[in-house]
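Visitor: Quick one: structure below, then a few questions.
The values are calculated or read from the model by the stated rules, or taken from the named source; none is laboratory data. Worth saying up front: this structure is predicted, and the values here are computed from it rather than measured. A quick note on method: Cβ atoms are made from the backbone with ideal geometry, for glycine too, and the neighbour counts reach across all protein chains shown.
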Amino acid sequence: MIVYQATKHKFLDDNDNRNIEDVINAAYVQKTGRYATDSEFKSWAASLREMSRVLRDPQIPDDIGVGVEFGIPQTAKRIDFILSGTDDTGTPHVVIVELKQWSSAKLSDRDGLIVANRGGRTETEGPHPSYQAWSYAALLNGFNEAVYESGTALQPCAYLHNYRDDGIIRDARYTPYLDKAPVFLKGEDELKRLRDFIKKHVKKGDKGELLYRMENGRIRPSKMLADSLAKMLKGNQEFVLVDDQKVVYETCLARAEQASETRKQVVIVKGGPGTGKSVVAVNLLVALTKRGQVTKYVSKNAAPRAVYAKKLAGQVRRAEVGNMFSGSGGFHNAEPNVFDTLVVDEAHRLNAKSGLYGNLGENQVMELIRSAKCTIFFVDDDQIVTLADIGHTRELMHWANAAGAEITTLELSSQFRCGGSDGYIAWLDNWLGIRETANTDFDRDSFDFRIVDSPVELHDLIREKNKVNNRSRVVAGYCWDWKSKKDPDAYDIVMPEFGYQAQWNLDIDGSLWIMAPDSVEQVGCIHTCQGLELDYVGVIVGPDLVQIDGRFTSNVKQRSSQDRTVRGYKIRLAANASTANHVDRIIRNTYKTLMTRGLKGCYVYIHQSS
């Protein structure tokens, strides 16, 4: 999506004869269906007038393309200002301009970060403008096929039109990013330098054709974390961390360096589906291991660890995989502070007890904190999906305080799944009744969401999508007994009114169902897909969540008796009436988790019990 697109001539005309901020605002409402915030409106008014000054140079062609608020595919990120054209040889060029209202900043001792007032009342630490511009260019190249296939040269920069050079914004520590994306400041000399930068890279106009192709072009296949893991462990930068991801990553590295036996550190990173928790976690594992720390990636859920191990087979020794990746149940016997840092992904899935029979240890959260000088928890309270899950934020805080640890809380909010649509996640919360939001709909062009009329249609859609790269699967709530576990010829999910029958994920595939050949024919559940991602997911909503007059009502009695996620709820309910609310939330959380596995689309069939 691009909010505003024109040539330089038209952009200047809109500045001279209309309030450019009103033009952009009207286009924003039309494109997104919602109004911009006051801060966005004010920044358009100030920064776009400054950009009109920059472009008032007769040597900058009138027919270069001008774009404002260019949405980067598959993300919630937007590039402030973008110019398109060609060099003398006809090679397409794009100049990316990150616009800032800043007038001052303070140094940070963390790589690529700087302290500034970012539109709020207080100064906060965040990416340096040059890092931000460069990371957006890397994202654009990674996701946009029109950019990648045309060999378009991306030239990022930042323009801080209120900022006079004080030696901070161009401090030597930012040189690696200033070299990639120069920063231009307030003053006539700076204005001339920015104009020269533009003229160097965009010498001929293209009437905005490249911007049109970029907006309407195909999205490049998304990188999967599991597929990129081996390269990451070898030191390749497979994922560029942007904005809050970069802040979280650098803060976690700093806390890990500060930690000691007498100064324990606990970092709690909150983030919803698709915000990059696992990407940041694995990057931390790699970086801390390179720094010589004794580090492990810990996950209660076996499926991500099994997939990672399979992807690393033949490239990393099995013993090394075992040293790097671990379940959460083996720390009750660990010596205190034996690890430098434990990176705990999907911390909401932690249990109190460990062992096959739940009779070992005292509390996994406590045991993890005890075992390491620094413990980094990645958590999403809305992905607690069993009665045994205890790793909610309150529990993490409780045991961190009990250990006398210094606590840092951080948040990941930028969406990198579900078509990059923050609106889809908020809409899903509202639709499933998890929490009331203002999102009664979302941008349907950014994410392929459909409610279909039958499970047959649903499965056929997923089969078709899966032909491309084996990254599409059907999942369901656990409302049908797993008969095929004992009888391989039996079907588990049977809906005779549609002539539909399917088996749960085959026992022989185990935790690798999500990537096993031909497993598109089987149906997965929460345990085989949580913590992992697909291109397209098809979700069968079982009779444990019934829709009546547009509202969902849960019914735990419709869960299969074999489902361990709510085992013991009747006993708990007899002792505590609030268990009913807990179980209701687990059911809704389960479907939210299932419906957020897809990068590109989600198809849903809602089963109505007879």
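Visitor: Among the residues of the stretch 155-164, is there at least one that is assigned by TED's automatic domain parsing to the domain that holds ARG53, surrounded by fewer than 17 Cβ atoms within 10 Å (Cβ to Cβ) and closer than 24 Å to ARG49 by Cβ? Before you say what the answer is, go through the steps one by one.
Guide: Applying the first criterion (assigned by TED's automatic domain parsing to the domain that holds ARG53) to the stretch 155-164 yields 155-164.
Next, only the ones that are surrounded by fewer than 17 Cβ atoms within 10 Å (Cβ to Cβ) stay: 162, 164.
Right, trim to closer than 24 Å to ARG49 by Cβ and you get 162, 164.
Among the residues of the stretch 155-164, at least one is assigned by TED's automatic domain parsing to the domain that holds ARG53, surrounded by fewer than 17 Cβ atoms within 10 Å (Cβ to Cβ) and closer than 24 Å to ARG49 by Cβ, which makes the answer yes.
Visitor: Could you check, for the stretch 136-154, whether at least one of its residues is in a helix (DSSP H, G or I), out of contact with any strand residue (DSSP E or B) (no Cβ under 9 Å at 6 or more places or on another chain) and modelled with pLDDT of 90 or more?
Guide: The answer is no, given that none of the residues of the stretch 136-154 is in a helix (DSSP H, G or I), out of contact with any strand residue (DSSP E or B) (no Cβ under 9 Å at 6 or more places or on another chain) and modelled with pLDDT of 90 or more.
Visitor: Determine whether ASP507 is surrounded by fewer than 16 Cβ atoms within 10 Å (Cβ to Cβ), farther than 23 Å from PRO273 by Cα, in contact with a Lys or Arg (Cβ under 7 Å, 6 or more places away or on another chain) and not hydrophobic (A, V, I, L, M, F, W, C).
Guide: It is true that ASP507 is surrounded by fewer than 16 Cβ atoms within 10 Å (Cβ to Cβ), farther than 23 Å from PRO273 by Cα, in contact with a Lys or Arg (Cβ under 7 Å, 6 or more places away or on another chain) and not hydrophobic (A, V, I, L, M, F, W, C).
Visitor: Follow-up. If you check LYS231 against the conditions, is it surrounded by fewer than 20 Cβ atoms within 10 Å (Cβ to Cβ) and outside any loop (DSSP other than H, G, I, E, B)?
Guide: Numbers: surrounded by fewer than 20 Cβ atoms within 10 Å (Cβ to Cβ): yes; outside any loop (DSSP other than H, G, I, E, B): yes.
For LYS231, the condition - surrounded by fewer than 20 Cβ atoms within 10 Å (Cβ to Cβ) and outside any loop (DSSP other than H, G, I, E, B) - is met.
Visitor: When you scan the stretch 349-371, do you find a residue that is among the charged types (D, E, K, R), in the same structural domain as ASN301 (by TED's automatic domain parsing), loosely packed, with under 15 Cβ neighbours inside 10 Å and over 30 Å from ASP243 (Cα atoms), even just one?
Guide: Scanning the stretch 349-371 turns up at least one residue that is among the charged types (D, E, K, R), in the same structural domain as ASN301 (by TED's automatic domain parsing), loosely packed, with under 15 Cβ neighbours inside 10 Å and over 30 Å from ASP243 (Cα atoms).
Visitor: Right, here's the next one. Being within 29 Å of the chain's Cα centre (by Cα), part of a helix (DSSP H, G or I) and of a type outside the set (Ser, Thr, Tyr): is that true of ARG572 here?
Guide: Against the criterion (within 29 Å of the chain's Cα centre (by Cα), part of a helix (DSSP H, G or I) and of a type outside the set (Ser, Thr, Tyr)), ARG572 does not qualify.
Visitor: Could you go through the stretch 137-150 and let me know if any residue there is in contact (Cβ under 8 Å) with a residue 40 or more places away in the chain and over 24 Å from the mean Cα position of the chain (by Cα).
Guide: Yes, the stretch 137-150 has at least one match.
Visitor: Can you name the residue in the stretch 14-30 that is without any contact (Cβ under 8 Å) to a residue 12 or more places away in the chain and within 24 Å of ARG213 (Cα to Cα) and is also surrounded by the most Cβ atoms within 10 Å (Cβ to Cβ) among such residues?
Guide: That would be ASP14.
Visitor: Among the residues of the stretch 165-179, write down those that are in contact (Cβ under 8 Å) with a residue 40 or more places away in the chain and over 27 Å from PHE70 (Cα atoms).
Guide: Answer for the stretch 165-179, where residues must be in contact (Cβ under 8 Å) with a residue 40 or more places away in the chain and over 27 Å from PHE70 (Cα atoms): ASP166, ILE168, ASP171, ARG173.
Visitor: Quick check: anything in the stretch 198-211 aliphatic (A, V, I, L, M) and over 24 Å from SER150 (Cα atoms)?
Guide: no
Visitor: Restricting to the stretch 440-458, what's the tally of residues that are touching a Lys or Arg at 6+ places or on another chain (Cβ under 9 Å) and part of a loop (DSSP other than H, G, I, E, B)?
Guide: Within the stretch 440-458, residues that are touching a Lys or Arg at 6+ places or on another chain (Cβ under 9 Å) and part of a loop (DSSP other than H, G, I, E, B) number 2.
Visitor: Considering the stretch 583-610 alone, what residues qualify as being surrounded by fewer than 17 Cβ atoms within 10 Å (Cβ to Cβ) and touching a helix residue (DSSP H, G or I) at 6+ places or on another chain (Cβ under 8 Å)?
Guide: SER609
Visitor: Something else about it: Looking at the stretch 81-99 only, could you name the residues that are charged (D, E, K, R) and at pLDDT 95 or above?
Guide: Restricting attention to the stretch 81-99, the residues satisfying the condition of being charged (D, E, K, R) are 87-88, 98.
Answer for the stretch 81-99, where residues must be charged (D, E, K, R) and at pLDDT 95 or above: just GLU98.
Visitor: Related question: Can you confirm whether TRP513 is touching an Asp or Glu at 6+ places or on another chain (Cβ under 7 Å), in contact (Cβ under 8 Å) with a residue 12 or more places away in the chain and hydrophobic (A, V, I, L, M, F, W, C)?
Guide: On the way: touching an Asp or Glu at 6+ places or on another chain (Cβ under 7 Å): no; in contact (Cβ under 8 Å) with a residue 12 or more places away in the chain: yes; hydrophobic (A, V, I, L, M, F, W, C): yes.
For TRP513, the condition - touching an Asp or Glu at 6+ places or on another chain (Cβ under 7 Å), in contact (Cβ under 8 Å) with a residue 12 or more places away in the chain and hydrophobic (A, V, I, L, M, F, W, C) - is not met.
Every residue, every condition in (1) outside the structural domain of LYS100 (by TED's automatic domain parsing); (2) of a type in the set (Val, Ile, Thr); (3) crowded, with 20+ Cβ neighbours inside 10 Å, yes or no:
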position	(1), (2), (3)
LEU191	no, no, no
ASP196	no, no, no
LYS204	no, no, no
GLY208	no, no, yes
LEU241	yes, no, yes
VAL247	yes, yes, yes
ALA259	yes, no, yes
ARG263	yes, no, no
VAL266	yes, yes, yes
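Visitor: Collect the residues in the stretch 48-89 that are of a type in the set (Gly, Ala, Ser) and closer than 23 Å to ASN162 by Cα, keeping them in residue-number order. Spell out the reasoning first.
Guide: Within the stretch 48-89, the first condition is being of a type in the set (Gly, Ala, Ser), and the residues that meet it are 52, 65, 67, 71, 76, 84-85.
Selection gives SER52, GLY67.
Visitor: Further, regarding this structure: All but one of (1) surrounded by fewer than 16 Cβ atoms within 10 Å (Cβ to Cβ); (2) on the phi > 0 side of the Ramachandran plot hold for ASN470; state the number of the condition that does not hold.
Guide: (1)
Visitor: Residue by residue through the stretch 582-610, note down the ones that are more than 16 Å from GLY531 (Cβ to Cβ), part of a strand (DSSP E or B) and hydrophobic (A, V, I, L, M, F, W, C).
Guide: Answer for the stretch 582-610, where residues must be more than 16 Å from GLY531 (Cβ to Cβ), part of a strand (DSSP E or B) and hydrophobic (A, V, I, L, M, F, W, C): CYS602, VAL604, ILE606.
Visitor: Please report, ordered by residue number, the helices (runs of 4 or more DSSP H) entirely within the stretch 276-385 with at least 3 residues that are in contact (Cβ under 8 Å) with a residue 40 or more places away in the chain and either closer than 19 Å to VAL266 by Cβ or of a type outside the set (Phe, Trp, Tyr) (or both).
Guide: On the way: elements: 277-290, 302-312, 318-324, 364-371.
The qualifying helices (runs of 4 or more DSSP H) are 277-290, 302-312, 364-371.
Visitor: Need the failing condition index for GLY272 against (1) in contact with an Asp or Glu (Cβ under 6 Å, 6 or more places away or on another chain); (2) at positive phi, just the number.
Guide: With respect to (1) in contact with an Asp or Glu (Cβ under 6 Å, 6 or more places away or on another chain); (2) at positive phi, GLY272 is out only on (2).
Visitor: Please list, ordered by residue number, the strands (runs of 3 or more DSSP E) wholly in the stretch 498-550 having 3 or more residues that are in contact with a helix residue (DSSP H, G or I) (Cβ under 9 Å, 6 or more places away or on another chain) and over 25 Å from ASP487 (Cα atoms).
Guide: 534-541
Visitor: From the list GLY314, GLY322, GLY358, which one is more than 19 Å from THR528 (Cβ to Cβ) and under 28 Å from the mean Cα position of the chain (by Cα)?
Guide: Exactly one residue qualifies, and that residue is GLY322.
Visitor: Further, regarding this structure: Please work out which residue is nearest to TYR148 (Cα to Cα), limiting yourself to the stretch 65-89 and to residues that are touching a residue at least 24 places away in the same chain (Cβ under 8 Å) and over 33 Å from the mean Cα position of the chain (by Cα).
Guide: Of everything passing the filter in the stretch 65-89, THR86 is nearest to TYR148 (Cα to Cα).
Visitor: Give, as residue ranges, the strands (runs of 3 or more DSSP E) completely inside the stretch 31-120 that count at least 2 residues that are surrounded by 15 or more Cβ atoms within 10 Å (Cβ to Cβ) and among the hydroxyl-bearing types (Ser, Thr, Tyr). Please lay out each step first, then the result.
Guide: Values: elements: 65-71, 78-86, 92-100, 113-117.
The strands (runs of 3 or more DSSP E) meeting that bar are 78-86.
Visitor: Out of GLY550, GLY568, GLY499, GLY531, report the one residue that is assigned by TED's automatic domain parsing to the domain that holds GLU457 and surrounded by 15 or more Cβ atoms within 10 Å (Cβ to Cβ).
Guide: Working: GLY550 fails: surrounded by 15 or more Cβ atoms within 10 Å (Cβ to Cβ); GLY568 fails: surrounded by 15 or more Cβ atoms within 10 Å (Cβ to Cβ); GLY499 fails: surrounded by 15 or more Cβ atoms within 10 Å (Cβ to Cβ).
Just a single option satisfies the conditions, and that option is GLY531.
Visitor: What are the pairs with Cβ atoms under 7 angstrom where one residue, in the stretch 46-64, is free of Cβ contacts under 8 Å to residues at least 24 places away in the same chain and the other, located anywhere, is part of a loop (DSSP other than H, G, I, E, B)? Sequence gap at least six, or different chains.
Guide: none
Visitor: Hey, another quick one. Restricted to the stretch 462-497, and to residues that are among the β-branched types (Val, Ile, Thr) and not in a helix (DSSP H, G or I), which residue is farthest from LYS557 (Cα to Cα)?
Guide: VAL474
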